[in-house]
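Only the coordinates and a few stated rules stand behind these numbers; no lab work does. For clarity, every value in this text was computed on a predicted model and none was experimentally measured. Note: ideal-geometry Cβ built from the backbone for every residue, glycine included; neighbour counts use all protein chains shown.
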Amino acid sequence: MNNRRAYYEYFVEEKFEAGIELQGTEVKSLRTGEGSIAESYATVEGEQVMLINANIPMYKSGSWMNHDPRRPRRLLLKRREINRLTGAIQRQGLTLVPLSIYFNSAGKAKIELALAKGKKAHDKRETIKERDWKREQQRLMRDRG
């Protein structure tokens, strides 16, 4: 599950991989391909990094043990990485944006976070122009070749 909107809204400067602390039915729901990180973001609260506003819907076959779909989830990072993120957020005014959630080769749920700087309106227009030009280039190359 990817957050395609992040590349449109932000300049991605640095990427991190973090584990996610999930409950059982959340893992099952993610394995079925459900969930959304489109409106989510991460914050550093004290000495922990939290994923806020990520939507992992309730597992359809879950019982009374089902989870809250929009609960804050703790992200698992090393202390050194958390300190580096805290410094970048406070000094440079960067934002922690989730880019994707996936399962690694060991079957663990991971999230790819990015330190990102928000784009202004003119930057977004430039991104659209660049994307359209690349699409046009591909079309021209395909037609001529």
Under 16 Å by backbone N from the virtual spin label 7 Å along Cα-to-Cβ at E17, the residues of segment 64-106 are 76-78, 81, 99-106
Taking 0.36 nm per residue of separation between W133 and R74 and subtracting their Cα-Cα distance, the length gained on full extension comes to 17.2 nm
Percent relative contact order for the chain, counting Cα pairs under 8 Å at least six residues apart, stands at 31
For the chain, using Cα atoms only, the Rg and Dmax in Å read 17.9, 60
Measuring from the longest principal axis of the C-alpha atoms of the chain, the long axis of helix 79-92 (C-alpha) lies at a number of degrees, nearest 10, equal to 50
In debye to the nearest 20, the charge dipole size for the chain, taken about the Cα centre with +1 at each Lys and Arg Cβ and -1 at each Asp and Glu Cβ, equals 320
If one compares the long axis through the Cα atoms of helix 121-144 with the longest principal axis of the Cα atoms of the chain, the angle in degrees, nearest 10, works out at 70
At R0 = 35 Å the Cβ-Cβ FRET efficiency linking N2 and Q90, nearest 0.05, sits at 0.80
With label points set 7 Å from each Cα along the Cα-to-Cβ direction at E81 and K119, the distance between them in nm comes to 2.6
